[in-house]
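Below is one structure, written out as structure tokens; comments come after it.
Every read-out reported here was derived from the displayed coordinates using simple, explicitly stated rules and does not represent laboratory data. Since the structure is predicted, the reported quantities are computational estimates derived from the model, not experimental observations. Virtual Cβ from ideal backbone geometry, glycine too; neighbours counted across all protein chains shown.
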Amino acid sequence: MSGNPLFDASYARVFGEGVGLTDASTPFFESFYRHFLRDRDIADAFSQTDMNRQVSMLRKSFFHLVAFYVSHEPSAELARIAMIHHKIGIESAFYDRWLDALIESVREFDPDCDHTTELAWRWALTPGITYMRLLDRLPDRPGS
């Protein structure tokens, strides 16, 4: 899938075979939000959020982060999400906390997860996260 065999194997253990994320992945993303919302600032930012809808949105946007890693190109949807995050003022530190919370969930759902597997996930997701974090600084960004 990605040229990152440790990530690919862990992804398959967490989500099953194939690239699509079905409703069966909901427990993983609910776990993610349990970890992510332990941070008071983040919990405050999500205090008025419909979390069922948020889990569904995350499931879809997560796929676009993985696709960015595979293709090295942002999808139109990832660009749209990045612009929304920029417009609402998502703090840069939230992206680091996001990835840390995701890794905590990977540890829960992948019985073979170890330090090297965690690094493989970080390696796979960091390009898309960096794109989202720095979109406002990139030349010729979508929508400009």
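Side notes on the structure shown:
- Listed residues GLY89, GLY16, GLY128, most fluctuating in the chain (Gaussian network, C-alpha, under 10 Å): GLY89
- Taking the C-alpha atoms of the stretch 1-63, convex hull volume expressed per residue in Å³: 95 Å³
- Set the Cα radius of gyration of the stretch 61-119 against 2.2 N^0.38 Å, with N its number of residues, and you get 1.30.
- Cβ charges +1 (Lys, Arg) and -1 (Asp, Glu), total dipole of the chain, debye: 400 debye
- Rg over Rh [alpha-carbon atoms, Kirkwood Rh] for the chain: 0.94
- Per-residue ellipticity at 222 nm from helix content only, as computed over the chain with -39500 (n - 2.57) for each DSSP H run of at least four residues, stands at -22000 deg cm²/dmol.
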